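Okay, so here's the structure we're looking at.
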Amino acid sequence: MAFGAGLISFLSPCVLPLIPGYISFISGVSLQEMKDGSPGNGLLNRQKLSVILNSIFFIGGFSAIFILLGASATWLGTLLSTKISFLTKIAGLFIIFFGVFKMGLIRPLFFFKEAKFNVENKKLGFIWAMIIGASFAFGWTPCIGPILTGILAFAGTLEHVKQGILLLSVYSLGLGIPFLLTAFGVNQFFRFFNRIKRHLGLLEKITGGIMILLGLLIFFDKLILIPGYLPFLNKFAL
């Protein structure tokens with residue numbers, strides 16, 4: 001479920017269209033140059049290698065922040081373990097709230113604020129790519145924030161810090177793998193985007209509905225019903 005949440009975060013309307021731009025920015029390689037790259041034209045030449053390596057460091061940056069947040073949420077929940085029943089209900093309410101937000105039924109203005117900084121040098125290097133990745137983790141709250149907050153709220157109800165780390169590591173994989181695949185093939189990304197873009201609004205509403213359902217299950221301590229109806233999920237259990 002955490003991996004699926006990462007994939008859905010990647011498909012968010014204000015994340016997905018900007019992915020090629022992010023890759024171009026952190027690598028210093030133009031979109032046209034990436035589009036012109038193909039196996040017959042030296043796929044793993046120096047420019048392509050720069051795109052891939054910078055993308056890996058970018059993914060490492062946002063993954064590090066997500067994992068730290070997951071560890072912190074679980075650690076805090078462990079400290080307050082005597083209040084775990086109360087925390088579980090709070091987590092459920094948080095997830096329901098952000099599910100309603102994802103469905104577009106409420107639009108609090110403070111969720112749409114953003115922070116920007118300008119970097120003059122186009123070829124930023126690996127360290128800057130990681131820093132920008134970390135900034136990405138904090139910056140796109142209107143899109144990945146609701147899903148991420150839901151995951152963190154659930155992490156706060158877990159018993160061990162390593163469970164929170166694992167949960168957010170898997171979430172980061174769900175967001176990072178399609179990002180890296182885009183770095184390998186921008187042309188394929190644009191073909192995929194052209195097919196899916198008309199359905200992004202529907203995807204947002206479906207995501208919100210799933211979050212509301214999960215929030216209700218967590219609030220009423222009925223999450224155990226999921227593996228009962230979907231037994232194949234037991235093999236992925238924490």
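Within the range 178-206, being surrounded by fewer than 19 Cβ atoms within 10 Å (Cβ to Cβ), touching a residue at least 24 places away in the same chain (Cβ under 8 Å) and under 23 Å from PHE98 (Cα atoms) holds for LYS197, LEU200, GLY201, LEU203, LYS205. Does THR182 satisfy being under 30 Å from ILE218 (Cα atoms) and either in a helix (DSSP H, G or I) or at pLDDT below 85 (or both)? Taking the combined requirement at face value, the residue does not satisfy it. Just one of the listed residues (GLY139, GLY104, GLY61, GLY145) is under 13 Å from the mean Cα position of the chain (by Cα), under 18 Å from VAL15 (Cα atoms) and modelled with pLDDT of 75 or more, and it is GLY61.
In summary, GLY209 fulfils each of the numbered conditions (1) surrounded by 16 or more Cβ atoms within 10 Å (Cβ to Cβ); (2) at pLDDT 85 or above with the single exception of condition (1). Residues that are assigned to a loop (DSSP other than H, G, I, E, B) and touching a Ser or Thr at 6+ places or on another chain (Cβ under 9 Å) within the range 186-222 comprise just one, ASP221.
Please indicate, with yes or no, whether at least one residue in the range 110-130 is at negative phi, in contact with a Lys or Arg (Cβ under 8 Å, 6 or more places away or on another chain) and at pLDDT 65 or above. Checked the range 110-130: no residue is at negative phi, in contact with a Lys or Arg (Cβ under 8 Å, 6 or more places away or on another chain) and at pLDDT 65 or above.
The values are calculated or read from the model by the stated rules, or taken from the named source; none is laboratory data. The model shown is predicted, which means the values in this text are computed figures rather than measured ones. Using ideal geometry, Cβ is built from the backbone for each residue, glycine included, and neighbour counts are taken over all protein chains shown.
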